[in-house]
Amino acid sequence: MSAAAKKSAAQKPADEDIWNLRLYVAGQSAKCIAAVRNLNAFCEKHLAGRYRIEVIDLLENPKLARDDQILAIPTLVRKVPEPLRKVVGDLSSTERMLVGFDLRPASP
Amino acid sequence: MEEHEPAEAADIIRAIREGEVDAFVVREAAEEKIYSLRSADLLYRAMVEEMKDGAVALDATGLIVYCNAYFAQMVKAERASLVGKRIFSLVAEADGFFDLAEERTRTGTRRQELNFKATDGTEVPVLAAMNRIRLDDTEVYCLIVTDLTEQKHRDQLLIEGRRKDEFLAMLAHELRNPIAPIRYAAARLLTKDQKPERLEWARNVIDRQVDQLTRLVDDLLDVSRVTRGRVSLSLEPVEIEAILARAVEAARPLIEARHQELSITQPGKRLWVNGDATRLAQAISNLLNNAAKFTPEGGRLSVAVEVEPGEPGWVRIVVSDDGVGIAPAVLPEIFGLFAQADPSQGRAQGGLGIGLTLVRSFVEMHGGTVTGASEGLGKGSRFTVRLPLLPATVDRTAAARARGGIAAGEDVRPRRILVVDDNADVAESLSEWLGDSGHEVRVARTGAAALQQAEAFRPEVMLVDIGLPDMSGHDIARKLRSIPALKDTVMVAVTGYGQQHDRRRSREAGFDHHWIKPLSAELLSELLAALDAAKR
């Protein structure tokens, strides 16, 4: 059994281990709904138990787009762990997310 | 524009190319705005369009600027025809609900039950909720309308179910009431104390209570037949006066027991309807019984017959009293099954609350109407029965009068007629009447006399009262039918009982006709005329 698994079984993961993800959406548009669904599936598979998702609806508060300089919607931003990373689109490609988050090296 | 990583820019362009984004952030005058591509609000749109509640957007003047498919379906209109219409035109009674300028409409949420008016004129009960929403620089009123038709229907069923329960409880009570006295009387009959007056008393108690039970059961059977549409009428020309006489006779015991005064007003002329005398008399006696029941002892009742003013084809029978009256709130429901305005009022006098239901059913089966009116509690009640008169009424009575009585003269042959009735007044007046018309008439006052007379006199027509002191009319008919010389005699049973089984018994005993008292001169003259036509 791996050390990480032992640790998570024994105690809660430390704050820096928890991924903090922010998904920018515009209401319930088709792509935004797809992005929410894809993100949840991705996290359950690759980050089980150590992620936190914040969905920000820019229709409700457009100013929040400024924080992360969002241009296109939906866009996913990884706040923690650093460095900050963005993935634009409906997150339909697991491959691209793994690469974008440095979870797997880009294929040649 | 802010600096962006070249990689992010590339990713954005890729995402756009691949159709993974459907909204953009654009900064306008230092303020971010979100621009959605067409599909961005698809969910909301689909929800509002497809939801099974009516959704309407109104402008500040009550103009419909949008409505969904369900709303159009609710008011049975084409959606396109609704946009641009004023909401007020679709509401039966808005009660200020759509007073859009009013403060509470502008600030809060209004929620109220209303009746919408569909384009085909039907009313749709709804729950309406409305609130104001700001849209850019304008304001619209968002109206959500829930159709309550089914819910109201369910509520109605619940109420009817509850009424039925109450009715059953009342019925059990009513059926029980006569049991105790009967049991007590039966116990008295079994004791050694057999004094004649005790026996007489016990017999009377049982007789009265069984009568009461029979009435209840008859009413129940009637109401079950009526509600299942199984009542058939035996229609024949009947005089209103005769109906009234029977009705009063039936109601008189209760009226007298309550020391009430009944006044009867009748028009000078004879009025005929095509009807079932038994059912019509039952309807009127129900009204009279109700009047007696719901009027204190010593009160005044009245029944008035008149030709409907302005409508010569209709007769109006008005039964009124100065009793407890009817509260306006329950007035519309009094004809409903199991409705009894205030159980505590009726209970004192018994009753099942089905009398008025029967009245309405019987009257409507005759093409008539019945309405109830009251100025309020304590102000008495007034019930009005309207019935269509026989079109030939005027002609028939006039013709009969012109002929100077019953079927006499050149077109009717004189007949030998035997009148059998124990009531001297009835027998004599009838024989006088027939005699004046040229017929040969004999009278028998008992069954034995009737048998004797019949053999000797060989009547062509016999009018036989069923209830004689020494034997029943049925027995007379059976005996006489076995005599060959009398096999062609037309025998008419004259009786106060007009039920199907009464008619059947008369037929089985050998009677050709079964007539309801009092005897109708019209029927008699028709019978004699028919006799001529058959034998001439």
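Each residue in the range B:476-493 was checked for being over 12 Å from B:Ser506 (Cβ atoms) and either within 40 Å of the chain's Cα centre (by Cα) or not assigned by TED's automatic domain parsing to the domain that holds B:Ala521 (or both), and 1 of them qualify. Of all residues in the range A:47-64, those satisfying the criterion of being among the basic types (Lys, Arg) and more than 10 Å from chain B (Cβ to nearest Cβ) are A:Arg50, A:Arg52. Scanning the range B:200-215 for residues being open to solvent by 50 Å² or more (accessible area, probe 1.4 Å) and of a type in the set (A, V, I, L, M, F, W, C) gives a total of 2.
Select, from A:Asp17, A:Asp102, A:Asp67, the only residue that is more than 12 Å from the chain's Cα centre (by Cα), more than 9 Å from chain B (Cβ to nearest Cβ) and within 19 Å of B:Ala10 (Cβ to Cβ). Only one candidate passes the filter, namely A:Asp102.
Among the residues of the range B:1-16, those identified as more than 8 Å from chain A (Cβ to nearest Cβ) and either at pLDDT 85 or above or open to solvent by less than 70 Å² (accessible area, probe 1.4 Å) (or both) are B:Ala9, B:Ala10, B:Ile13.
Note on the range B:19-43: among residues that are open to solvent by 50 Å² or more (accessible area, probe 1.4 Å) and within 7 Å of chain A (Cβ to nearest Cβ), the one that is nearest to the chain's Cα centre (by Cα) is B:Leu43.
Restricting to the range A:71-97, count the residues that are part of a loop (DSSP other than H, G, I, E, B), at the interface with another protein chain (Cβ under 7 Å from one of its Cβ atoms) and open to solvent by 10 Å² or more (accessible area, probe 1.4 Å). Final tally of qualifying residues: 3.
One residue is enough: does the range A:21-30 have a residue meeting the conditions within 14 Å of chain B (Cβ to nearest Cβ) and assigned to a helix (DSSP H, G or I)? Looking for residues that are within 14 Å of chain B (Cβ to nearest Cβ) and assigned to a helix (DSSP H, G or I), one finds at least one in the range A:21-30, hence yes. B:Met51 - would you say it is away from chain A (no Cβ under 14 Å), within 49 Å of the chain's Cα centre (by Cα) and at negative phi? Yes; evaluated as a whole, the condition is true for this residue. Residue pairs whose Cβ atoms lie under 8 Å apart, sitting 6 or more positions apart in sequence or on different chains, and linking a residue in the range B:361-390 that is in contact (Cβ under 8 Å) with a residue 24 or more places away in the chain and more than 16 Å from B:Gln282 (Cα to Cα) to a partner that is open to solvent by 30 Å² or more (accessible area, probe 1.4 Å) and of a type in the set (D, E, K, R), are B:Gly372/B:Arg382; B:Ala373/B:Arg382; B:Ser374/B:Arg382; B:Gly380/B:Asp322; B:Leu390/B:Arg396. Scanning the range B:306-323 for residues being among the β-branched types (Val, Ile, Thr) and touching a Ser or Thr at 6+ places or on another chain (Cβ under 7 Å) gives a total of 1. Looking across the range B:410-423, the residues that are farther than 16 Å from B:Ala530 by Cα and either open to solvent by less than 30 Å² (accessible area, probe 1.4 Å) or modelled with pLDDT of 80 or more (or both) come down to B:Leu418, B:Val419, B:Val420, B:Asp421, B:Asp422. In this structure, B:Pro332 does not qualify as in a loop (DSSP other than H, G, I, E, B) and not assigned by TED's automatic domain parsing to the domain that holds B:Asp211.
Sort out which residues of the range B:263-277 are in contact with a Lys or Arg (Cβ under 8 Å, 6 or more places away or on another chain) and surrounded by 14 or more Cβ atoms within 10 Å (Cβ to Cβ), and write them in order of number. Give the derivation first.
Of the residues in the range B:263-277, the ones in contact with a Lys or Arg (Cβ under 8 Å, 6 or more places away or on another chain) are B:263, B:272, B:277.
B:Trp272, B:Ala277, listed by residue number.
Figure legend. Inter-residue proximity from the range B:186-197: first residues closer than 20 Å to B:Gln209 by Cα, second residues open to solvent by 60 Å² or more (accessible area, probe 1.4 Å) and modelled with pLDDT of 80 or more, beta-carbon distance below 8 Å, spacing 6+ or different chains. Indicated pairs: B:Arg188/B:Arg198; B:Arg188/B:Trp201.
Counting only strands (runs of 3 or more DSSP E) that sit wholly inside the range B:438-521, those with at least 3 residues that are farther than 14 Å from B:Val419 by Cα are B:513-516.
Taking the range B:86-160 and the strands (runs of 3 or more DSSP E) fully enclosed by it, the elements with 3 or more residues that are open to solvent by less than 90 Å² (accessible area, probe 1.4 Å) are at B:110-117, B:123-135, B:138-147. A single member of B:Ala251, B:Ala245, B:Ala257 is within 22 Å of the chain's Cα centre (by Cα), among the small types (Gly, Ala, Ser), modelled with pLDDT of 85 or more and at negative phi, and it is B:Ala251.
Report yes if B:Ala400 is buried (at least 19 other Cβ atoms within 10 Å of the Cβ), at pLDDT below 90 and farther than 21 Å from B:Leu331 by Cα, otherwise no. The answer is no for B:Ala400. Taking first residues from the range B:58-87 that are over 19 Å from B:Arg134 (Cα atoms) and partners that are part of a loop (DSSP other than H, G, I, E, B) and open to solvent by less than 50 Å² (accessible area, probe 1.4 Å), the Cβ contacts under 6 Å between residues at least 6 apart in sequence or on separate chains come to B:Val75/B:Ala118; B:Lys76/B:Ala118; B:Arg86/B:Gly62; B:Ile87/B:Gly62; B:Ile87/B:Phe98. Checked against (1) of a type in the set (A, V, I, L, M); (2) free of Cβ contacts under 8 Å to residues at least 60 places away in the same chain; (3) within 22 Å of B:Arg215 (Cβ to Cβ), B:Ile264 meets all criteria but (3). Restricting attention to the range B:108-148, the residues that are over 20 Å from B:Ala77 (Cβ atoms), among the acidic types (Asp, Glu) and touching a residue at least 60 places away in the same chain (Cβ under 8 Å) total 1.
The values are calculated or read from the model by the stated rules, or taken from the named source; none is laboratory data. Keep in mind that what you see is a predicted model, and the values were worked out from it rather than measured. All Cβ positions, glycine included, derive from the backbone under ideal geometry; neighbour counts span all protein chains shown. Remember, those area values only see protein heavy atoms, side chains included, never the ligands or the DNA or RNA. Shrake-Rupley method; radii C 1.70, N 1.55, O 1.52, S 1.80 Å.
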